[in-house]
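Heads up: the structure comes next, in structure tokens.
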Amino acid sequence: MLDLKAVVADYEGVERKLARRGVAAVDALAPVKPLAARRRELNLLLEKQKKEQGEANGRIRELMKTDKAAGEKARAGLRALGDAVKGSEAELGEVEARIQALLLLVPNPPQESVPAGADEHGNLQVSAWGEKPALGFAPKPHWELGEALGILEWPQAAKLSGSRFTISKGVGARLERALTAFFIDVHVSRGYTEILPPYLVSGETMTGTGQLPKFEEDLFKTDGASPLYLIPTAEVPVTNMHRDEIFEAGALPISYCAFSPCFRAEAGAAGRDTRGLMRQHQFHKVELVKFASAESSGAEHDRMLDDACEVLRRLGLHHRVVLLCTGDMGFSSSKTYDIEVWCPGQDAYREISSVSNCEDFQARRIKVRYRGADGKPRLCHTLNGSGVAVGRAVVAILEQYQQADGTVLVPEALRPYLGGLERIVAQKFPRGVER
RNA sequence: GGAGAGCUGGCCGAGUGGUCGAAGGCGCCUGACUCGAAAUCAGGUGUACGGGCAACUGUACCGUGGGUUCGACUCCCACGCUCUCCGCCA
């Protein structure tokens, strides 16, 4: 959320920064301007009225002690003043609620260093690690490999839940569990604290990180009197964990890693990535979250990117890093790097991690602050990044480590987590005939 | 799910209609004393929004939201959360 004070102080400046996101962002902000002016008027009026009321009440208090009759008489005249205060309060509350509702729909302005662009074609490659493995045969996509190996299963999943769900079996299931443990172990060794958060959260929590109110159609929601939402990423509960808190100076940065399943409605993605593991309603992810000071968030952002890349380096997975352009960034982010891993079976680099600096955009919504050198509370900067998506790591391993005979080598770093397994070979599981 | 108790400042805790941002204590900061520290003494110590170049200053905030009242931490209603006991349960 934008700072109303900043919007009022320099409307044109804020507008110019927002314009890099496109006209829709500017249009979202426009109606705030007249409301802010009205809010200021009401604030001044209300303070004046309250001061009058306070003074009048003081007089009555004294009167009641000395001359009860006169006091009773004075009471009657104050009714109007009390009503006026209530009226002003009501209108101010209404105006503030409208401003709030509008500001919640305005995206975070991009940092200066973010390149301009309308969509993913404007993204900028900033680095790459490793190279495309020389397979020497026509690589298969992971869905063919997974099915042939018997470790990934879609027809049965569709029977249970419909499209965009997968069942992992045998080594396939163990592979996800192994990757999860491996990712967490790497991040913990590099200073992150492990968190296992709730997977269902309130609407308030979803609003704190920016999923609501604008992106409700992307979320799964429970029925009932007090509905809850299924988290689309552990970023949501972990970032909201410190809502309304003030950190003492020196406590920052605070770094968390959290495994969770992620639930996404994938509204609007009809027909895209319908095969395989790429785009599921439910997937697993290890998420990184940091709370940093305003001064250090840029450096922490780079460090988080490196932490996410580290797990891919240890797995020997070829990948590249792109800096997202203004048109491709998420709502809450001021700057985002995507890590794209090479998927030879799809002949494409596919996103496996997204590392964002939200600056104070989320912190303002959830009031997470820290004391600066002067002892005054300041908003934290929040950062989040995948470290990394587990299902997509399975995809990359299957596709990059596939062999001509259809087996898949296990990256060395992962073998201790799989009981020393060096190679995934076809497995058979009991199966009846469908009738 | 049922019954009871409670929710006040960083923490503990007083306050049952008016002078309460709120007693007292703890913690923390500053100063005095000390070679230094402890102890002791004195002073200070919240957040938000607004006004002022600034020193400063106004208003609000006692779980949340309503209501009663000239005036609510204090009375009424609803909700949330915590704790204890009972039931159920992986």
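Rule-based calculations on the coordinates, nothing more; no lab input. Please read all numbers here as calculations on a predicted model, not as lab measurements. Note that each Cβ is placed from the backbone with ideal geometry, even for glycine, and that neighbours are counted across all protein chains shown.
Subtracting the Cα-Cα distance of A:V425 and A:A90 from 0.36 nm times their residue separation leaves 113.7 nm of extension gain. Go ahead and set up a Gaussian network model of chain A, Cα springs under 10 Å, then flag whichever of A:G122, A:G385, A:G87 fluctuates most. Answer for the Gaussian network model of chain A: A:G87. Just checking the listed ones, A:S354, A:S189, A:S163: in the Gaussian network model of chain A with Cα springs under 10 Å, the one fluctuating most is A:S189. For region A:103-239, the relative contact order is 17 percent, taking Cα pairs closer than 8 Å that sit 6 or more residues apart in sequence and dividing their mean separation by the residue count. A simple spin-label model places pseudo-atoms 7 Å from Cα toward Cβ; at A:Q282 and A:V433 they are separated by 3.1 nm.
Electrostatic tally near A:R243: other residues with Cβ closer than 13 Å to its Cβ, Lys and Arg +1, Asp and Glu -1, net +1. Placing +1 on the Cβ of every Lys and Arg and -1 on the Cβ of every Asp and Glu, with nothing else charged, gives region A:301-435 a dipole about its Cα centre of roughly 680 debye. Within chain A, the proportion of Cα pairs with more than 28 Å between them is 58 percent.
Cα centroid separation, region A:355-404 to region A:158-217: 14 Å.
Here the spin labels are modelled as points 7 Å beyond Cα on the Cα-Cβ line, and at A:A299 and A:A404 they lie 5.1 nm apart.
Can you find, among A:V238, A:P416, A:L179, the residue farthest towards the positive end of the dipole of chain A? Put +1 on the C-beta of Lys and Arg, -1 on that of Asp and Glu. Sorting the options by dipole projection puts first A:V238. Listed by Cβ neighbour count within 10 Å, with the fewest neighbours leading, A:Y192, A:Y417, A:Y11, A:Y370 appear as A:Y11, A:Y417, A:Y192, A:Y370.
Go ahead and run the numbers for FRET between A:D306 and A:E55, Cβ-Cβ distance against an R0 of 56 Å, rounding to 0.05. E between A:D306 and A:E55, to the nearest 0.05, is 0.35.
What is the gain in length, in nm to one decimal, between A:R75 and A:A6 on full extension, counting 0.36 nm per residue of separation less the C-alpha to C-alpha distance? In short, 20.6 nm is gained.
Taking the Cα centre of region A:62-125 as origin and assigning +1 to Lys and Arg Cβ atoms and -1 to Asp and Glu Cβ atoms, the resulting dipole is close to 660 debye. Sorted ascending by nearby beta carbons within 10 Å, beginning with the fewest, A:S296, A:S260 become A:S296, A:S260. Across chain A, C-alpha contacts under 8 Å between residues 6 or more apart give a mean separation that, scaled by the residue count, equals a relative contact order of 20 percent.
Of the residues A:G117, A:I99, A:L42, the one whose Cα sits farthest toward the positive end of the charge dipole of region A:1-128, with +1 on the Cβ of Lys and Arg and -1 on the Cβ of Asp and Glu, is A:L42. For chain A, the dipole from Cβ point charges (+1 on Lys and Arg, -1 on Asp and Glu) about the Cα centre works out to 960 debye, to the nearest 20. According to the square roots a ≥ b ≥ c of the eigenvalues of the Cα gyration tensor, what is the shape class of region A:306-376, taking rounded for a/c under 1.5, prolate for a/b larger than b/c otherwise, and oblate for the remainder? Prolate, because a/c is 1.5 or more and a/b exceeds b/c.
Counting 0.36 nm for each residue step from A:A37 to A:R190 and taking away their Cα separation leaves a gain of 50.2 nm. When the Gaussian network model of chain A links Cα atoms closer than 10 Å, the mean-square fluctuations of A:H242, A:H319, A:H301 top out at A:H242. Rounded to the nearest Å, what's the spacing between the alpha carbon centres of region A:24-56 and region A:80-111? Just the number, please. Distance between centres, Cα-based: 7 Å.
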